[in-house]
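Okay, structure first, notes after.
The values are calculated or read from the model by the stated rules, or taken from the named source; none is laboratory data. Predicted, not measured: the structure shown is a model, and the values here were computed from it. In this analysis, Cβ positions are derived from the backbone assuming ideal geometry, glycine residues included, and neighbour counts consider all displayed protein chains. In case anyone asks, the SASA skips ligands and DNA or RNA and just uses the protein heavy atoms, side chains included. Shrake-Rupley method; radii C 1.70, N 1.55, O 1.52, S 1.80 Å.
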Amino acid sequence: MRGTLLYLAPEASPTAASDIFSLGIMLLDALFCGCDALAFTKWVQNRMDSRCDAATLQRIQFDLASSADRQQDDALPRGLREAPEGLPRLVSEMIALDQAARPRATAVASRLQAFLDVRVQTCGICFYDFPRGNGVECAAGHIACRSC
């Protein structure tokens with residue numbers, strides 16, 4: 001089996017649940033740490049070249065579960081402190097040690113879809129956010145706010 005060790009699931013044989021685990025770790029990095037390798041390394045582990053152990057995963061799951069109550073806790077990545085309600089719980093379920101406890105791919109897709117129903121868009125010219133549906137789209141599919 002090949003891959004970046006940090007993203008590999010704890011089970012020995014890869015399964016669909018292993019892919020869910022890997023996606024959960026990628027979401028930890030992208031959504032909560034903003035793809036900042038230092039923030040991710042500091043939060044998840046000291047070395048990027050080995051797998052997360054059970055204790056580390058349990059600590060991360062605790063952080064995910066308690067993030068709503070710890071908005072001012074600087075020990076948590078900023079992205080986690082600002083995460084929409086429910087997203088940390090989904091990621092926590094995705095990185096469960098027990099592969100049977102991880103959600104199925106269809107459940108992950110439908111739950112992520114709810115978070116992707118973004119209420120704002122970003123102008124391709126001035127890069128300011130504006131409410132969804134209030135922009136102008138050109139023939140090439142680029143979105144701009146009405147003021148641009």
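Observations on the model:
- Computed accessible area, ASP19, all protein chains, 1.4 angstrom probe, square angstrom: 110 Å²
- Residue-count net charge about ILE20 - beta-carbon cut-off 13 Å; Lys, Arg +1, Asp, Glu -1: -1
- Rounded to the nearest whole Hz, the Karplus-based 3J(HN,Hα) values (6.51 cos²θ - 1.76 cosθ + 1.60, θ = phi - 60°) of the range 94-104 follow the sequence 5, 9, 4, 4, 7, 5, 5, 7, 6, x, 6, with x at glycine and proline.
- Burial order of peptide ranges 58-64, 102-108 (average beta-carbon count within 10 Å, highest first): 58-64, 102-108
- Cα-projected label distance for ALA107 with CYS126, points at 7 Å along beta-carbon direction, nm: 4.4 nm
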